[in-house]
Amino acid sequence: MITKDIDTVAPTVPAPVADEPPQRPGRRRRAWDEAPRWQIYVPLGIYLLFTLIPFYWILLFALRKPGSTSLVPWPMTFEHFDKVWNDRSFGTYFENSVYVGVATLFMTTLVALAGGYALARFDFKIKRAFMLALLCSQFVPGALLLVPLFQIFAELQMINSLGSVIIAETVFQLPLSMILISGFIRNVPYSLEEAAWVDGCNRFTGFRVVVLPLLRPGLIAVGSFAFVHSWNHFLFALMFLSNQDKQTIPVGLNSLMSADSVDLGALAAGGIIAAVPVVIVFAFIQKWLITGFSAGAVKG
């Protein structure tokens, strides 16, 4: 009998399988996730053209020679800037606008800071009614305030004074500024102020040391909004200021247009002079401005 050696094979044990992390449910793809890139970039490009062409047109009229019809400002000339700055008193208008803007900024910020703190930290009977009145005041156009403000300033002998424009701009800006700052203060924990009181600070010192540094983005947002509005506002300066040496840039730009003709080169140069300071300010504060408005929108 022939015997065969049968090799005994050890049974193979499968290697332990590592626990796989649970799979997250797939995110639903929305319609715009599958859109071709050209459907995104073409509308953005068209919007960019409509935005930049007016700026180029202003630069073209401001930098090319008088009487030229070229679409390229070459050779460039600064004749229009010299004309509006020296001959049309834009240097004086610029100084008046800076004075009004900075004064409105400080007055609006200080008063709104006090009022916003009261709305955020204190409870009183007419608080809801007062907040509603602040909100409703935003629906009142500035033109309706001209007659009562003019009569008040006439009684106070403030007509043809920059102070009248500063007060009017501050009153017009206060409701929205108080609402925004009250939202910023509500985002600061009340326990921080209580800890400062325990350490020996009074309410004002605790606010100045603890709360005020945390409000810097909000204060920059409110102050910049007040400055830009007062810089560009035309109506109050037109009605309350009559002397040329008291007028601001918006009124000066209006004086460049007459019933018979318009000096487009001078008007474009004046527009650039009016726009450059605002662009520079926003270029430096844009980070704090976005942070401030987003913080104030969380709670209100």
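Here are a few things to note about the model shown:
- For the stretch 76-199, average projected area of the Cα convex hull in nm²: 13.2 nm²
- When the chymotrypsin sites (Phe, Trp or Tyr not before Pro) in the stretch 127-193 are filtered for DSSP coil states and for at most 12 other beta-carbon atoms within 10 Å of their beta-carbon, the remaining sites are Phe139.
- Projected area, mean over directions - the stretch 114-158, Cα convex hull, nm²: 4.6 nm²
- Pairwise Cα inverse-distance average, inverted: Kirkwood Rh of the stretch 56-141 (Å): 17.7 Å
- Exposure ranking of Met158, Met257 by accessible area [1.4 Å probe, largest first]: Met257, Met158
- Förster-model FRET efficiency, 45 Å R0, Asn202 and Tyr99, C-beta, rounded to 0.05: 0.80
- Backbone HN-Hα couplings from phi across the stretch 90-98 [Karplus 6.51/-1.76/1.60, Hz, Gly and Pro as x]: 6, x, 5, 4, 5, 4, 5, 5, 5
- Leu156 accessible area, assembled protein chains, probe 1.4 Å, Å²: 110 Å²
- Exposure rank, largest accessible area first [Arg128, Arg121, Arg216; 1.4 Å]: Arg128, Arg216, Arg121
- Each residue of the stretch 60-72 is assigned a 3J(HN,Hα), and the resulting list reads 4, 5, 7, 9, 8, 5, x, x, 6, 10, 5, 8, 10 Hz, derived from the Karplus form 6.51 cos²θ - 1.76 cosθ + 1.60 (θ = phi - 60°), x at Gly and Pro.
- Tyr41 - accessible surface, heavy atoms, 1.4 Å probe, Å² rounded to 10: 140 Å²
- Annotation: Ser137 carries an accessible surface of approximately 40 Å², with a 1.4 Å probe and no ligand, DNA or RNA atoms counted.
- Of the residues Val279, Val100, ranked by 1.4 Å probe accessible area with the largest first, the sequence reads Val279, Val100.
- Percentage of interatomic Cα-Cα distances in the stretch 197-252 larger than 18 Å: 57 percent
The values are calculated or read from the model by the stated rules, or taken from the named source; none is laboratory data. Bear in mind that the values here come from a model prediction, so they are computed numbers and not experimental data. Backbone-built Cβ (ideal geometry, glycine too); neighbour counts: all protein chains shown. With ligands, DNA and RNA removed, areas are computed over all heavy atoms of the protein, side chains included. Shrake-Rupley method; radii C 1.70, N 1.55, O 1.52, S 1.80 Å.
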